[in-house]
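First comes the structure, then the notes that go with it.
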Amino acid sequence: MNVETTDLAIIGAGPAGLAAACEARTLGLSVTVLDEQSAVGGQIYRNVVSAPRARSAILGPDYSAGAELVSAFASSGALHLDSAVVWNVATDGTIDYIREGRTRKLSGKYVLLASGAMERPFPIEGWTLPGVMGAGAAQILLKSAGALPREPVVLAGCGPLLYLLGWQYLRAGARIAALVDTTATSDYVRASRHLMGALRSWKELRKGLGLIAALRRSNIALYSGCSDLRAEGTCKVEALAFRQDGRSVRIPTSLLLVHQGVVPNTQLSWSVKAEHRWNKAQLCWEPVTDIWGRLGETALYVAGDSRSIVGAQASAVQGRLAALSIGNRLGVLPDITIRAAPYLESLKRYTAIRPFLDALYRPKDENRVPVSDKVVVCRCEEVTAGQIRRFVGLGCQGPNQTKAFGRCGMGPCQGRFCGLTVTETIARERQLEPADVGYYRIRPPIKPVLLGDFVE
Ligand SMILES: Cc1cc2nc3c(=O)[nH]c(=O)nc-3n(C[C@H](O)[C@H](O)[C@H](O)COP(=O)(O)OP(=O)(O)OC[C@H]3O[C@@H](n4cnc5c(N)ncnc54)[C@H](O)[C@@H]3O)c2cc1C
């Protein structure tokens, strides 16, 4: 097989990947960016170049701002491989990907993993009913196709993306039957300890407050401090039931959009057996890197939300810092300190708000570890929380063993979607910390591939 080579291969064309590419090109490195999407932009700037003006206006200034980075990337001289699904990466910088129905190889002297975040699962009763979706998924439909719900929708959960979507739906004229917020008074108290630090990111803070104020001003029914969320229905969702201030509430709906934050997409870094740690503030796994994002003594770096949830601006800065470090290692930037200094400063500023956000929107235990045994955890193989708890009773020690006990995590998503829930469910059952029970052993292919893709 023909193997293309490049100085820097980047997996992911979101803010981290695009900024890294631009920075590396200024150092004269050859750069190839692969992304499974048909256009660059990642999650936040999805489709930003071709979105009609009216849609961009609905999505807001943070979205339109991405056009600048996308245009800098377009003129940077980096090669963009669109619709390229990476299914394997090795610590020496070799990448296997599928494009145009054929598997191909690319060898980078260095590789930047910038595969971003994914929505945290929301495993409550009824979450697998048709008509229950992630708010992020609904936003993808809005960004890529301008699609809006026809019927009144219920938004439930917590976190900036949930309020952002509510605000975007308001501007687009979509009808919101209710916003059911799980953030409780105790969350505000916990977060208040981090308020002073968050003031360094005052612009972000102001934006967030603006979104919430706009939602409060609208005539949407807002419920706060809600618990015991349950999607009800037989063949499809018919209502969201929950408790607020000691009373039961039931809101009929045919579309329930749930969200409780995003978590790093770590499948690639796990697949190379990199060390990961449990982030207690963000309740998720993150790869262990040096300050530039390098994974141990490998040819691999990680930047952006796939390293730790930091947001779009900090992701872009991390991408630039990784590119500088790679340039330094390749000998084209002998002194990294002067060039890196302003980026390290802005990284501090952009991430100052994180402890506040992590404390305020910490997803509730009952919405991460299913209370009811009936709740499906592994959607691909239809393994329930009750089954996982039974496996533990039979001697199952951690997520990897649930595969042998009941095919948990062995479906097309390769555990990407259920992994966190499985770790936390087992940890709770064994009365251990998530760090003590570990994660799935992730092996390539990390994305589904067809045998036909290997035919020359
Ligand atoms: C659904 C969703 C919607 C979001 N919307 C917003 C928003 O509107 N505003 C906001 O401020 N933040 C939003 N976020 C958070 C936002 O994603 C990040 O803060 C920011 O985009 C992170 O940038 P990144 O470059 O690290 O990753 P991303 O922007 O996520 O880019 C990662 C890219 O990697 C690609 N990729 C991943 N795996 C592979 C693979 N195996 N092969 C090939 N390509 C791959 C993906 O297609 C994606 O384009 C959203 C997050 C999610 C999950």
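Read-outs throughout are calculated quantities, based only on the coordinates presented, and are distinct from any laboratory measurement. Please read all numbers here as calculations on a predicted model, not as lab measurements. For neighbour counting, all protein chains shown are included, and Cβ atoms are generated from backbone atoms with ideal geometry for every residue, glycine included.
Magnitude of the charge dipole for the stretch 121-260, about its Cα centre and with charges confined to Cβ atoms of Lys, Arg (+1) and Asp, Glu (-1), is about 580 debye. Return the loop-located GluC sites (Glu not before Pro) in the stretch 92-127 (DSSP other than H, G, I, E, B) with at most 10 other Cβ atoms within 10 Å of their own Cβ; answer none if there are none. Sites meeting the loop and neighbour criteria: Glu100.
Summarising the overall dimensions of the stretch 369-437 from its C-alpha atoms, the Rg and Dmax are 10.4, 30 angstrom. The local environment of Ser201, defined by Cβ-Cβ distances under 14 Å, has a net charge of +3 under the rule Lys, Arg +1 and Asp, Glu -1.
With both labels modelled 7 Å from their Cα along Cα-to-Cβ, the Arg99 to Ser30 distance reads 1.3 nm. If you take all other residues with their beta carbon under 10 Å from the beta carbon of Asn47, and give Lys and Arg +1 and Asp and Glu -1, the sum is +3. For the stretch 17-33, backbone nitrogen atoms closer than 18 Å to the point 7 Å from Ser71 Cα along Cα-to-C-beta are found at 18-19, 22-23. Centre-to-centre, using Cα atoms only, the stretch 248-289 and the stretch 121-143 are separated by 14 Å. Going from the residue with the fewest nearby Cβ atoms within 10 Å to the one with the most, Glu232, Glu456 rank Glu456, Glu232.
Rounded to the nearest 10 degrees, the inclination of helix 135-145 to the longest alpha-carbon principal axis of the chain is 60 degrees.
The overall shape of the stretch 202-307, judged from the alpha-carbon gyration tensor, is prolate: a/c is not under 1.5, and a/b is greater than b/c.
Among the trypsin sites (Lys or Arg not before Pro) in the stretch 156-211, those placed in a DSSP loop whose Cβ has at most 15 other Cβ atoms within 10 Å are Arg175, Arg193.
Using all pairs of distinct alpha-carbon atoms, the Kirkwood hydrodynamic radius of the stretch 325-443 works out to 16.9 angstrom. Placing +1 on the Cβ of every Lys and Arg and -1 on the Cβ of every Asp and Glu, with nothing else charged, gives the chain a dipole about its Cα centre of roughly 840 debye. Could you give the angle, 0 to 90 degrees to the nearest 10, between helix 312-329's Cα long axis and the longest principal axis of the Cα atoms of the chain? In the chain, helix 312-329 runs at an angle near 30 degrees to the longest axis. Listed from fewest to most Cβ neighbours within 10 Å, the set Leu69, Leu240, Leu148 follows the order Leu148, Leu69, Leu240. When Ile95, Ile140 are arranged by Cβ crowding within 10 Å, least crowded first, meaning fewest neighbours, the order is Ile140, Ile95. For the chain, the relative contact order is 19 percent, taking Cα pairs closer than 8 Å that sit 6 or more residues apart in sequence and dividing their mean separation by the residue count. Put simply, the convex hull of the Cα atoms in the chain casts, on average, a shadow of 21.8 nm². Within the straight-line cut-off of under 25 Å between alpha carbons, the lysines reachable from Lys447 are Lys105, Lys109, Lys143, Lys273, Lys403, sequence neighbours fewer than 8 places apart in one chain being disregarded. Helix-only arithmetic for the chain: the sum of -39500 (n - 2.57) across DSSP H runs with n ≥ 4, divided by the residue total, places the mean residue ellipticity at 222 nm at -10500 deg cm²/dmol. Against the chain, whose longest principal axis comes from its Cα atoms, helix 15-26 is set at around 10 degrees. With the Cα gyration tensor of the stretch 265-337 giving a ≥ b ≥ c as the square roots of its eigenvalues, does the rule (a/c under 1.5 for rounded; else a/b larger than b/c for prolate; else oblate) give rounded, prolate or oblate? Since a/c reaches 1.5 but b/c is at least a/b, the shape of the stretch 265-337 is classed as oblate. Classify the stretch 229-274: rounded, prolate or oblate, from the alpha-carbon gyration tensor (a ≥ b ≥ c, eigenvalue square roots; a/c under 1.5 rounded; otherwise prolate if a/b is larger than b/c)? Here the stretch 229-274 falls in the prolate category. Antiparallel beta bridges, as assigned by DSSP with both residues in the stretch 114-270, represent about 45 percent of the total such bridges.
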